[in-house]
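Beneath this line is the structure, given in C-alpha cells, with notes to follow.
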Amino acid sequence: MRAAGAVLAAWLGPAIWLAVPTLLVAHGTGGLWPGLLIVVAPLLALTLRARPAADDTVAVPLVHVATHFLMVALLIWAGLVLVGDLASRLGVPRWHGIALAAAGGLLLTAWRGAERVVPLLLLVAGVSVLISLVALSATTGLSPLGAWRAVSERPAFVFPAASRWVTEGRDLRLAQGQQPLRFDEAHRVTAAAETTLRTRIREGRQTLDREVPLAAGQSFTLRPGDQLEPTAGARVKFEAGRRVPGAPATGLAWGDGGSQGLVATLVSVGLGVTLLGAGVALFGPPLADPAPRGEIVLVGAGLLATFGALQAWAVYAVLAAPEIFMGGITPDRLIDVPGLALGARPTGMRLQLVLVIAVGASFMASTVALRARLAAVDPAGDGEIGSDLGLWTMVFVVAALASLWHVDPWALSLTALGAGAAVFLPRALLPDAAARREAATVAGVVALAVYGVLLLFGRVAGLARPAGSLLGAFCEQPALLAVPAGLGALWLATRGGRRTR
Amino acid sequence: MRPVTRKASAVFLLVLLMLFLVLTSLPRDVAQVRVGPLSLVWWYGGVLAPALAAFAALGRGARE
C-alpha cells in the first residue's frame, strides 16, 4: 500500500495532475494524449523493472543522480508556482501561499517518518476532488457521460444568466490567462465600478490600442475582432446569452480538438518520449527490484480513477462554467469551476477551498515521495541525499523565491521530466552497455547537453510552444533528440571500450 | 519466460499508445464518430486504453 502510494504521490504532483483537466478544457480531444501517457508511463516503468544479477552491483553514475536531483527540484518549483497562482486567484498575496507550502514541505523533510503519511495525504487529495465532482454532478443533474453528451450538443458557449460575470460583475484579473479576450460577436461590457478598459479595436485595416474610461454602470460595445486586455482592477459585467470570448464555436468543435499535422504528431511523439522516459527515470530499472503485483494493481487502479475523475472535472467545467474559457485556460483557473457553476456563493467558495486542500495535500505527498525516489537512485550514498535537511532547505528556499514569478507549471514540469527521460531512457534501453560506469556517464552527459542546447535554443529563438516547424517540435520536446543522442553515445562508448580491450 | 512476458507487456502498452496516434490521424474524422455519448477517440483514449493498460500491467508484477 505504501509503495503504491509513493509511486502515485511522486508521479501525480499537483502541476501534473492539474495539467490533465487544463489541457482537456483547452484542447478537448487533444488533451487526452497527455492524460493517457500519464496513466501508461508509470505502469510501463513498473513492468520493466527486473531483479539484477547477484554480481551486478554497478553504482549509479553521478550524472544520473544529479539529473534526478534536478528533476525533483524542478518539480517542487512547479508545485510551488501552482500554489502561488492559486493564492493569487483567491485574492491572497502570492508569497503567502508559496511560503505556507514550502514550510510544509520542509517540515516533512525534517520528519523522518514522513513517508507514513503519504497515503493519508493522497486520500485527502482524492476525497477533496471527489467532493467537488459530486457537487458539480448534483448541480448539473448529470452523470459525467450525460454531461459529455450535453456539452457536445451545445450550439454555443454563452454566459449563463446566473453567472457572477453577468449579475454582479467580476475583476478582469480573474480572466487573466495566456491570451487577451477576443470577441467573436458584438458584446456590451458594463463597468460594475469606475474603471478604465484597455482595448484593441479594429478600424478598417488598422488596429488601434485604446483606453476607455467608464463610470459605474456605463457600457462600451466591443465588435467582432476587438480585444479586451484582462487588466487587474477592472470590474465589469458581461451580457447574458452572448458567446464567451475565447470559447470554441460549439460543443462539437470543443470535442473534436482540431486536426493533427506532421509537426503536431511529432510533438505528440516527443511528449510520449518525455513522459514515458520520465516514468522510467522515476520508477523504472534504476530502482531494480520488480514491483510486487499488489503495488501494480493499486497504482493502476489509482491512475485509472484519477484520470476518470479529471476527465469528469474537465467536462463539468466546460458544461457548467463556460466563462472559464475567457483569456485562455491555466491550471489555477480550474479552481474557479465550483464557484462559477454553483449558484450559492458560500458553497462555491467552500468547494474552492476543498480543491486548494487537494492541491496542498498532493504537493506535500509529492515532495516526500520524490525525495524518497532520489534516495533510492543513490544507494551508494545510503539514501542520505533524500533527507539532507540543509540541502532541501536550500532547494525549498530557492524554489520558493523563484516561484514568486509566474512560469507555466506544466512547461516547467515537462522540462524536469524531459531531462530525466534524456538521461535515464538510454540506460534502460541498453542496460548491458550502461553497466559500464564510464560509458553510462558519457551517454548521460551527451544526452543532457543535447537536451539543454535544444531547450535554450527553443526559448531564445521563440521556436517552441507552440511549435510551428520541425525544428520547433524538437525544441518543444528536446527529449526527442536527446534520447537518441544518449543511445548513440552509449553505443559508441561501448564499441570503443571493446576495441581497446 | 519472465523476461519474454515482461517485454510483451511493455510492447502491448506501447501499441496501445500508438493506436491512439493512429486513430487521431485517420482521415475523414473517423475518430470523431459518436458511439453513444462519447466520440470514438474519447472512448479509446479516455476509457478503453487506460483500462487495458492497467489490466496489461496487472499480470506482470512479481508475486509477493
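The values are calculated or read from the model by the stated rules, or taken from the named source; none is laboratory data. Predicted model, so just to flag it, every value in this text is computed and none were measured. Heads up, the Cβs are rebuilt from the backbone with ideal geometry, glycines too, and the neighbour counts pull from every protein chain shown. Heads up: the accessible areas ignore ligands, DNA and RNA and are worked out on the full protein's heavy atoms, side chains in. Shrake-Rupley method; radii C 1.70, N 1.55, O 1.52, S 1.80 Å.
Between B:Ala49, B:Ala57, B:Ala62, B:Ala53, the distinction of being within 23 Å of A:Leu46 (Cβ to Cβ), at the interface with another protein chain (Cβ under 7 Å from one of its Cβ atoms), modelled with pLDDT under 85 and surrounded by 18 or more Cβ atoms within 10 Å (Cβ to Cβ) belongs to B:Ala57 only.
Residues of the range A:93-151 that are of a type in the set (Phe, Trp, Tyr) and within 14 Å of another protein chain (Cβ to nearest Cβ): A:Trp148 alone. Would you check if there is a residue in the range A:286-308 being within 14 Å of chain B (Cβ to nearest Cβ) and among the hydroxyl-bearing types (Ser, Thr, Tyr)? Yes - at least one qualifying residue is present in the range A:286-308. Report, by residue number, each residue of the range B:19-36 that is facing chain A (nearest Cβ under 9 Å) and surrounded by fewer than 18 Cβ atoms within 10 Å (Cβ to Cβ). Passing the criteria: B:Leu21, B:Ser25, B:Asp29, B:Arg34, B:Gly36.
Report yes if some residue within the range A:53-63 is more than 14 Å from chain B (Cβ to nearest Cβ), assigned to a helix (DSSP H, G or I) and either open to solvent by 20 Å² or more (accessible area, probe 1.4 Å) or at pLDDT below 90 (or both); otherwise report no. Checked the range A:53-63: at least one residue is more than 14 Å from chain B (Cβ to nearest Cβ), assigned to a helix (DSSP H, G or I) and either open to solvent by 20 Å² or more (accessible area, probe 1.4 Å) or at pLDDT below 90 (or both).
The sole residue among A:Val118, A:Val92, A:Val127 that is among the β-branched types (Val, Ile, Thr), within 25 Å of the chain's Cα centre (by Cα) and surrounded by 18 or more Cβ atoms within 10 Å (Cβ to Cβ) is A:Val118.
Scan the range A:99-109 for residues that are among the β-branched types (Val, Ile, Thr) and buried (at least 24 other Cβ atoms within 10 Å of the Cβ) and the total you get is 0. The residue of the range A:402-454 that is least open to solvent (accessible area, probe 1.4 Å), among those that are within 21 Å of A:Val65 (Cβ to Cβ) and polar (S, T, N, Q), is A:Ser413. Take the residues in the range A:253-311 that are of a type in the set (Asp, Glu) and open to solvent by 40 Å² or more (accessible area, probe 1.4 Å), then tell me which one is modelled with the highest pLDDT. Only one residue fits best here, namely A:Asp256.
The residues on offer are A:Ala489, A:Ala473, A:Ala399, and the sole one that is closer than 27 Å to A:Gly84 by Cβ and buried (at least 16 other Cβ atoms within 10 Å of the Cβ) is A:Ala399.
This table checks each residue for (1) of a type in the set (Phe, Trp, Tyr); (2) outside any loop (DSSP other than H, G, I, E, B); (3) closer than 17 Å to A:Gly31 by Cα.
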position	(1), (2), (3)
A:Gln311	no, yes, yes
A:Ala314	no, yes, yes
A:Ile329	no, no, yes
A:Val337	no, yes, no
A:Pro346	no, yes, no
A:Leu351	no, yes, no
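Please find, among A:Leu142, A:Leu75, the residue that is outside any helix (DSSP H, G or I), open to solvent by 10 Å² or more (accessible area, probe 1.4 Å) and in contact (Cβ under 8 Å) with a residue 60 or more places away in the chain. Before you say what the answer is, go through the steps one by one.
Values: A:Leu75 fails: outside any helix (DSSP H, G or I).
Within the list A:Leu142, A:Leu75, the selection yields A:Leu142.
For A:Leu481, the conditions (1) closer than 26 Å to A:Ile16 by Cβ; (2) open to solvent by less than 60 Å² (accessible area, probe 1.4 Å) are fulfilled apart from (2). Consider A:Gly420 carefully, then state whether it is touching a helix residue (DSSP H, G or I) at 6+ places or on another chain (Cβ under 6 Å) and either hydroxyl-bearing (Ser, Thr, Tyr) or modelled with pLDDT of 90 or more (or both). Judged against the criteria, A:Gly420 is a match.
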